[in-house]
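Note sheet for the following structure.
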Amino acid sequence: LLNSLSLRKLLSGNNHLQRVPDLLDHIPLEVLDLQHNKLTDLPENLFYKALNLKYLNVSANALESIPPSSQSEESLSTLQELYLTGNNLDENCGALLVGHQNLRILHIAYNQLLSFPASKLSKLELLEELNLSGNKLKTIPSTVSSCKRLHTLTALSNQITVFPEILNLPEIKLVDLSCNELTEIQLPDSLPATLQELDLTGNSSLTLEHTTLNLFSHITTLKLDQKSTLTPGDSLGSSTLWKHGYSEMRGQRNKLCVSVLAVDCFGDGGEGCYGIFDGDRNEEVPRLLQCTMGDVLCEELQHSNIDTVYMCNTFLTSHRKLGMAGQKLGASALLCYIHRETSEPGGFFSLTVANVGTCQAVLCRDGRPVQLSNVFSLEYSTEEMERVKVNKAIITEDNKVSGVTCCSRLLGCSYLSPWVLPKPWVRTEPLCAKDEFLILGNRALFERVSYQEAVYTVQAVRDPRAAAKKLCSLAQSYGCKDNIGAVVVSLHLGEDSCTCEPAVSNDEQRGPSHAPVPVSVTPCPSDPGNLSSSSGIGTEFSSETSASEVGSEAGSTASDEHPSSGSASRPERRCSLHPAPTLCGIMMPSPAATGTHPGVFQRQPSSATFSSNQSDNGLDSDDEAPLEGVISNGSKLEVEVDIHCCAFQLRSGAPWSPKELNLENRNGKMRRQNSVVVSATNGCLLAVCGRENGDLKKSPSTSSLFGTQRCLRSCRDGLVPKLEKVPTMDDTSESSTYPG
């Protein structure tokens, strides 16, 4: 078969081939796909017998070397695309690639390369896409600057310490150097106008100066790590039970039509929300869903705790909110909600999954994949095919409804109703200690990467961000040229993740004299004003707050608390696995559990300035130690704050004052209103984030406020920088920006 004189294309991937027969004569073969086999070598004469070969994919084998391009120094190779990902190749293979001077795409990721020969790389002058991810490279040769046509360089998950000389290339568009060991970046005087995306996440030692950030200002997508400002108490929240990483890759498409929603601290802080949206050929609908769907879910949870009800309503409401964009455009959508069981206050966690279209969710349980979603495609679902036929839809030969989409359920595409519906598949799965992680992906990912391989891949990497990126990189190396999106959520729900601490007496926990003293507060229904958050000194303004309520002065809370006695002890610290018991239907963790300062300012109905004989932490105002960033004269407090945009970075602490809480208790489970505040335009959250004064002076962050729904979230630092200007309702517009 391989020696046939008429064969042009041979696809024999995903078999158990251990060898390929030698070629007897010159053959016209142009495409050869041998991925996912058990090959340890290739025929020695492959490249000079198959002179017409333009595409070769031998990824996911056990190759230790590749054959030479010719028998002499002069090569006649016409090979343009070579995929060698997932083998056992070392740096010696670099010398054998030189003969393929027509090579445009080279993927040699996840091998054993310690280096790449500089002299060899310089000869690949027509190279356009280079993927060196998942090796052990410490540097990329400077001769990469000889590849004048290079537009994509992916070298994630290596040990690279020096930024490569690639920003001089005239056609460079995408550079991914995430999950490396970069410490600094040396930039040219000007950057190429073609640069669209630069990913530097996962480089923990990298620090960028403001001049560098200014040079990057024209880049469409710049991905950097957000420096953590968590206090020690924050690390004991639900983020210890799960954390996420995600990746979005354009592939060979000009635009990215996949969006991801990821919130580790959702709702009351002990929950998580993750989603992925694939618009196939449009980017508008996925972006809109990314911006609105978390907020819609949060609102629907106020009305029902039945999974099928709140998930179906979330999808239907999101479908309606698409407006004109949803008339002719649509998207597959998948939403995952991690929450505690409502049947008992101390119940364990469950995972509720809802989806339409072809996005899928896979749970790794005891090392095995468990499919949680349903694929709504006419190709795979006979039930959906029958339903569409009953409604007399036009189904084309390629199994598409009216020749538009193969999906029978989508958000959007309203003009295809009733053939294409927004009603989701809903499933709730109880989580246990054997559940290791959750994988969310779009159609392009799972078409190339099987469930079992995806599980093996994440198990081998463990870091969720690097694992998500590897999944997308593998899909590309396996031949995917479409947009790819992946989310990996690592779960730590076993008892070994418990971070509970026993109660400590006041004498044992006594620290420096200026440290605030936590006070245990026991609220009752008749005195709701006593409820205070332990998430640090800050203020919260609900979406109903008028402009007159927002000012640079904030009063201390009116409180009837009594000063703490010297014998007070810190209550037992509880983790998210073993939450504190509820009092009056409200979860009350200890003040020391989540922040350094136990009090917050309670919002009053009509004014932002109040008087009180006692401060918000239970001490007399005269006796309380001064706090940095807070100026007090005994009756008024002036708080410095910084308003800035934080896309989907929710800071969650203990419950807020009763006026910000929905006090309706359903089966022992509380939900906070407006916990996710998302702009319908840019998907950013408005947060009050504490910073040191030094960081504030050099912070370039500004805020753009969109729409009318606004909520300023307090942070747990206890240090709240200065608010220079607060916008009124009249100031709110897409063109308005306010300095931090």
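The values are calculated or read from the model by the stated rules, or taken from the named source; none is laboratory data. Just so we're clear, the structure is a prediction, and the values are computed from it rather than from any experiment. Here the Cβ is made from the backbone with ideal geometry for all residues, glycine too, and neighbour counts use every protein chain on show. When the accessible area is computed, the model is the full protein with side chains, heavy atoms only, and any ligands, DNA or RNA have been set aside. Shrake-Rupley method; radii C 1.70, N 1.55, O 1.52, S 1.80 Å.
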Quick one: in the stretch 184-203, of everything that is at pLDDT 90 or above and part of a loop (DSSP other than H, G, I, E, B), which residue is most open to solvent (accessible area, probe 1.4 Å)?
Gln196
Select from the stretch 398-453 the residues that are part of a strand (DSSP E or B) and at positive phi and list them in ascending order.
Gly412
Inspect the stretch 58-79 for any residue being assigned to a loop (DSSP other than H, G, I, E, B), open to solvent by less than 20 Å² (accessible area, probe 1.4 Å), under 25 Å from Leu474 (Cα atoms) and touching a residue at least 60 places away in the same chain (Cβ under 8 Å) and give the result as yes or no.
yes
Members of the stretch 432-452 found to be open to solvent by 10 Å² or more (accessible area, probe 1.4 Å) and touching a residue at least 24 places away in the same chain (Cβ under 8 Å), listed by number:
Cys432, Ala433, Lys434, Glu436, Arg443, Phe446, Glu447, Arg448, Tyr451, Gln452
State all residues of the stretch 364-396 that are open to solvent by 20 Å² or more (accessible area, probe 1.4 Å), assigned to a helix (DSSP H, G or I) and either charged (D, E, K, R) or touching a Lys or Arg at 6+ places or on another chain (Cβ under 6 Å) (or both); if no residue qualifies, say none.
Glu383, Glu386, Arg387, Lys389
Go through the residues of the stretch 23-30 one by one and say whether even a single one is closer than 18 Å to Gly479 by Cα and acidic (Asp, Glu).
yes
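Say we look at the stretch 1-52 and pick out the residues that are hydrophobic (A, V, I, L, M, F, W, C) and open to solvent by 70 Å² or more (accessible area, probe 1.4 Å); which of these is nearest to Arg448 (Cα to Cα)? Give the derivation first.
Kept after step one, since they are hydrophobic (A, V, I, L, M, F, W, C), are these residues of the stretch 1-52: 1-2, 5, 7, 10-11, 17, 20, 23-24, 27, 29, 31-32, 34, 39, 42, 46-47, 50-51.
Next, only the ones that are open to solvent by 70 Å² or more (accessible area, probe 1.4 Å) stay: 1, 5, 11, 24.
Working: Leu1: 26, Leu5: 30, Leu11: 14, Leu24: 32 Å.
Restricting to residues being hydrophobic (A, V, I, L, M, F, W, C) and open to solvent by 70 Å² or more (accessible area, probe 1.4 Å), the top hit is Leu11.
Out of curiosity, is His36 touching a residue at least 12 places away in the same chain (Cβ under 8 Å), touching a Gly at 6+ places or on another chain (Cβ under 9 Å), of a type outside the set (Gly, Ala, Ser) and part of a loop (DSSP other than H, G, I, E, B)? Talk me through it step by step, then tell me what you get.
Numbers: touching a residue at least 12 places away in the same chain (Cβ under 8 Å): yes; touching a Gly at 6+ places or on another chain (Cβ under 9 Å): yes; of a type outside the set (Gly, Ala, Ser): yes; part of a loop (DSSP other than H, G, I, E, B): yes.
So His36 passes the test.
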